[in-house]
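Bear in mind these aren't lab numbers, they're just calculated from the coordinates by the rules spelled out. Computed from a predicted structure; not experimentally measured. Neighbour counts are summed over all protein chains in view; Cβ atoms, including those assigned to glycine, are modelled from backbone coordinates with ideal geometry.
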Amino acid sequence: MLTIGKLAKQCHVNVETIRYYQRIGLMRIPETTQNYRYYSQQDIETLSFIQKGKDAGLQLSEIQDLLHLQLNDREKVRDVIQQRLEKIDQRIQELNALKQRLSTWVDECKTTTDSCCPILQELKKGSTTEL
């Protein structure tokens, strides 16, 4: 049995992180015994699960969904991960478009003969409004 401080130290997280996970329902709040809340091996495993999910790029809401599934709920687990992959693909497309735009700006800046910075000109376009 561990106190919250020992649990945090063992799992390499902040005590406030554990409290936050409890507030949002990712982790249980143990009953108080002799003015202390004691955490079990199951709590260590839950915290490890959360950390591994975060390391895999999952959102806390997705981790929460997975925590409530059983080992034989393969289709539901796969659905959660498939949805995450789709979000990642969408974000990659957005980042590639952003990269292309910024690269174009840098190229224009390198090759322009104008005295004004083309990047600043582009950023200022449409930013002036009439009063």
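Some notes on this structure:
- Gain in span if fully extended, Asp114 to Gln41, counting 0.36 nm per residue against the direct Cα distance: 19.6 nm
- Relative to its Kirkwood radius, the Cα radius of gyration of segment 9-131 gives an Rg/Rh of 1.25.
- Given Lys54/Lys125; Lys76/Lys99; Lys52/Lys76; Lys99/Lys124, the pairs whose alpha carbons are separated by over 30 Å: Lys54/Lys125; Lys76/Lys99
- Comparing Leu69, Leu60, Leu120 in a Gaussian network model of the chain, where Cα atoms under 10 Å apart are tied by springs, the biggest mean-square fluctuation is seen for Leu120.
- Selected from Val106, Ser48, Ser61, residue furthest toward positive end of dipole (the chain; charges at beta carbon): Ser48
- Of all the options Arg101, Arg19, Arg78, the one that moves most in a Gaussian network model of the chain with Cα springs shorter than 10 angstrom is Arg101.
- With a cut-off of 14 Å between beta carbons, the residues surrounding Asp79 carry a summed charge of 0, where Lys and Arg count +1 and Asp and Glu -1.
- For the chain, calculated [θ]222 nm from helices alone, where every DSSP H run of n ≥ 4 adds -39500 (n - 2.57): -21000 deg cm²/dmol
- Distance-filtered residues of segment 62-97 - backbone nitrogen under 20 Å, label point 7 angstrom along Ser48 Cα→Cβ: 63-72
- Selected from Asp114, Asp65, Asp73 as most flexible by GNM, with the chain as the system and alpha-carbon contacts under 10 Å: Asp114
- With neighbours defined as other Cβ atoms within 10 Å of a residue's Cβ, the residues Ile119, Ile18, Ile88 order from fewest to most as Ile88, Ile119, Ile18.
- For the chain: relative contact order, % (alpha-carbon pairs under 8 angstrom, 6 or more apart): 15 percent
- For Lys6, a cut-off of 17 angstrom between C-alpha atoms picks up these aspartates and glutamates, skipping any fewer than 8 places away in its own chain: Glu16, Glu31, Asp43, Glu45.
- In this rough spin-label picture, where each label sits 7 Å from Cα along the Cβ direction, the Gln22-Leu71 distance is 2.9 nm.
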